[in-house]
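Enquirer: For reference, the structure I am asking about is given below.
The values are calculated or read from the model by the stated rules, or taken from the named source; none is laboratory data. Fair warning: this is a prediction, and the values are worked out from it, not measured in the lab. Glycine gets a Cβ as well: all are built from the backbone with ideal geometry, and neighbour counts include every protein chain shown.
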Amino acid sequence: MHEFDLSSAIVATVNKHAEGRRVTHVTLRIGRLRQVVKDTLEFYLAIVGKDTPCEGATLEIIDVPAVLVCDTCQNEWQIEIPAFICGTCGPGAVEVKTGEEFMVESIEVEDEEDAACTAPR
Amino acid sequence: MHRTKVRVVEDALDANNTIASANRGDFDRSDVTVVNLMSAPGAGKTTLLERGLEGLAEEGLRVGVLEGDVQGSFDADRLSVLHIPVVQLNTDNGFGGECHLDANMVRSALPAVPLAELDVLIVENVGNLVCPAEFRIGEDSRIMVCSVTEGEDKPLKYPLMFRACELVVINKVDLLEHLDFDVDRLEANIRQVNHHATVMRVSAKTGEGVEEFRTWLKDLPARVAAEAAHDHEHHDHADHEHAPA
């Protein structure tokens, strides 16, 4: 259900960097812990992006696994369910190493061809 | 036409976080500690405030409430008997509004909040277990209220929310005798996703555990200041280590 708001944030970020140019492709980097449903995000991005420079852009999502580090033994492991407990040390402080990303990684934009040459001399 | 790849590498929530930092600056300048209070709809946020904030001014803590709601001023009206500053912030466009508060909405409401008269501002977020966890509003601390009518597995279903808070208030414990609810299991599930959180068992209705909540709130400004001083010291130390010889 949060995908709609996240879509608005993505579209705003993408269009800011597009600087008026048409966007053809968007690459996102999203951590597993963000609980983002990709199909829903794609659906909303199409709606929110309509009539903006990123209308019709294709979407690519780089999925970042959830990796934790134990503060006590420095052990690192990947989780598939929300269990933030070290298997060796038991309940205690663990840090999230990756999995909380919510980044616009890159965009592909259309440029005027040889813009430099067509500039008035 | 020719296509260019533009490297962005920017958190998509940066725009919100920038405004949250501006809010934080305003709060810090007025020396106000800000709490983001979150829960599912109906968990008892407003009842907890009604009971928990009563008479706190006489005990030396000046608290105000920024009341976020999809629609109406029902909650603000309920709190008006406390005779503390309460500001209503609706996310409504006429037919129901946003499911959460973001930094910009809070910013738009700030001119109405008498920051200079407050020690603590509690921002009561819109009832929702998902979206409010995504949007920082410039708060110092986050409280989540969950009630014993919601199910023991909620921390595992909404880890983003449960991981984000410093205090989890388990509310409506007066109902436990009528329910098939294992409150120890709920607490174990909270621990599984958030080892750091303080957990309290409260009945905002009977008043059980409310004193503990009030104490937590009264101690909060000093605790936040101590953490900030510690972070600052740590930061200075790190700067020093990296300074050229």
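Enquirer: When the residues of region A:96-110 are filtered to those that are closer than 29 Å to residue A:52 by Cβ and more than 7 Å from chain B (Cβ to nearest Cβ), which remaining residue is farthest from the chain's Cα centre (by Cα)?
Expert: The extreme case among them is A:100.
Enquirer: So, one more: Which residues, taken from region B:51-96, are within 14 Å of chain A (Cβ to nearest Cβ) and surrounded by fewer than 16 Cβ atoms within 10 Å (Cβ to Cβ)?
Expert: Listed by number, the list holds a single entry, B:96.
Enquirer: Does residue B:134 meet the test of being under 19 Å from the mean Cα position of the chain (by Cα), at pLDDT below 95, more than 19 Å from residue B:204 (Cα to Cα) and among the acidic types (Asp, Glu)?
Expert: Working: under 19 Å from the mean Cα position of the chain (by Cα): yes; at pLDDT below 95: yes; more than 19 Å from residue B:204 (Cα to Cα): yes; among the acidic types (Asp, Glu): yes.
Yes.
Enquirer: Return yes or no: is residue B:156 surrounded by 22 or more Cβ atoms within 10 Å (Cβ to Cβ) and either part of a loop (DSSP other than H, G, I, E, B) or of a type outside the set (Asp, Glu) (or both)?
Expert: Details: surrounded by 22 or more Cβ atoms within 10 Å (Cβ to Cβ): no; either part of a loop (DSSP other than H, G, I, E, B) or of a type outside the set (Asp, Glu) (or both): yes.
Against the criterion (surrounded by 22 or more Cβ atoms within 10 Å (Cβ to Cβ) and either part of a loop (DSSP other than H, G, I, E, B) or of a type outside the set (Asp, Glu) (or both)), residue B:156 does not qualify.
Enquirer: Filter region B:167-219 for residues that are under 18 Å from the mean Cα position of the chain (by Cα) and among the acidic types (Asp, Glu); which is farthest from residue B:150 (Cα to Cα)?
Expert: B:219
Enquirer: Follow-up question, since we're still on this one. Which ones in region B:7-21 are of a type in the set (A, V, I, L, M, F, W, C) and surrounded by fewer than 16 Cβ atoms within 10 Å (Cβ to Cβ)? Before the answer, list the steps.
Expert: First, the residues of region B:7-21 that are of a type in the set (A, V, I, L, M, F, W, C): B:8-9, B:12-13, B:15, B:19-20.
The answer is B:9, and nothing else.
Enquirer: Search region B:9-30 for residues being of a type in the set (A, V, I, L, M, F, W, C) and within 23 Å of residue B:119 (Cβ to Cβ), and hand back the single one that is farthest from the other protein chains (Cβ to nearest Cβ).
Expert: Our first condition is that a residue be of a type in the set (A, V, I, L, M, F, W, C); within region B:9-30, this holds for B:9, B:12-13, B:15, B:19-20, B:22, B:27.
Checking which are within 23 Å of residue B:119 (Cβ to Cβ) leaves us with B:20, B:22, B:27.
Numbers: B:20: 13, B:22: 17, B:27: 23 Å.
So, considering only residues that are of a type in the set (A, V, I, L, M, F, W, C) and within 23 Å of residue B:119 (Cβ to Cβ), the one farthest from the other protein chains (Cβ to nearest Cβ) is B:27.
Enquirer: Of all the residues that make up region B:153-183, how many are within 30 Å of residue A:32 (Cβ to Cβ) and of a type in the set (Asp, Glu)?
Expert: Number of matching residues: 3.
Enquirer: Another question, if that's okay. Do the conditions hold for residue B:176, that is, is it outside any strand (DSSP E or B), modelled with pLDDT of 95 or more and among the aliphatic types (A, V, I, L, M)?
Expert: Values: outside any strand (DSSP E or B): yes; modelled with pLDDT of 95 or more: yes; among the aliphatic types (A, V, I, L, M): yes.
For residue B:176, the condition - outside any strand (DSSP E or B), modelled with pLDDT of 95 or more and among the aliphatic types (A, V, I, L, M) - is met.
Enquirer: Give the number of residues within region A:26-36 that are at the interface with chain B (Cβ under 8 Å from one of its Cβ atoms) and either out of contact with any strand residue (DSSP E or B) (no Cβ under 8 Å at 6 or more places or on another chain) or more than 29 Å from residue B:128 (Cα to Cα) (or both).
Expert: Residues that pass the stated criteria total 1.
Enquirer: Name the pairs: first residue in region B:132-149 and of a type in the set (Ser, Thr, Tyr), second residue in a helix (DSSP H, G or I) and surrounded by fewer than 23 Cβ atoms within 10 Å (Cβ to Cβ), Cβ to Cβ under 6 Å, at least 6 apart or on different chains?
Expert: Qualifying pairs under 6 Å: none.
Enquirer: Where residues in region A:1-18 are without any contact (Cβ under 8 Å) to a residue 40 or more places away in the chain and among the charged types (D, E, K, R), which of them is farthest from the other protein chains (Cβ to nearest Cβ)?
Expert: A:16
Enquirer: Out of the residues in region A:80-95 that are at the interface with another protein chain (Cβ under 10 Å from one of its Cβ atoms) and either at pLDDT 95 or above or part of a loop (DSSP other than H, G, I, E, B) (or both), which is farthest from residue B:14 (Cα to Cα)?
Expert: Selected residue: A:91.
Enquirer: Restricting region B:54-75 to residues that are among the small types (Gly, Ala, Ser) and under 17 Å from the mean Cα position of the chain (by Cα), which is modelled with the highest pLDDT?
Expert: B:64
Enquirer: Quick check: is even one residue across region B:28-48 under 17 Å from the mean Cα position of the chain (by Cα) and over 28 Å from residue B:209 (Cβ atoms)? Step through it out loud before you land on a result.
Expert: Just the residues of region B:28-48 that are under 17 Å from the mean Cα position of the chain (by Cα), to begin with: B:28, B:32-48.
Those left that are additionally over 28 Å from residue B:209 (Cβ atoms): B:28.
Yes.
Enquirer: Next question, about the same structure. If I filter region B:113-122 for residues that are assigned to a helix (DSSP H, G or I) and over 15 Å from residue B:22 (Cβ atoms), do I get at least one hit?
Expert: Yes - at least one qualifying residue is present in region B:113-122.
Enquirer: Only one of B:127, B:207, B:138 is in a loop (DSSP other than H, G, I, E, B), of a type outside the set (S, T, N, Q), touching a strand residue (DSSP E or B) at 6+ places or on another chain (Cβ under 7 Å) and more than 14 Å from chain A (Cβ to nearest Cβ); which?
Expert: After applying the criteria, what remains is B:138.
Enquirer: Got a number for residues in region A:38-72 being outside any strand (DSSP E or B), over 30 Å from residue A:93 (Cβ atoms) and either within 14 Å of chain B (Cβ to nearest Cβ) or of a type in the set (Ser, Thr, Tyr) (or both)?
Expert: Residues meeting the conditions: 11.
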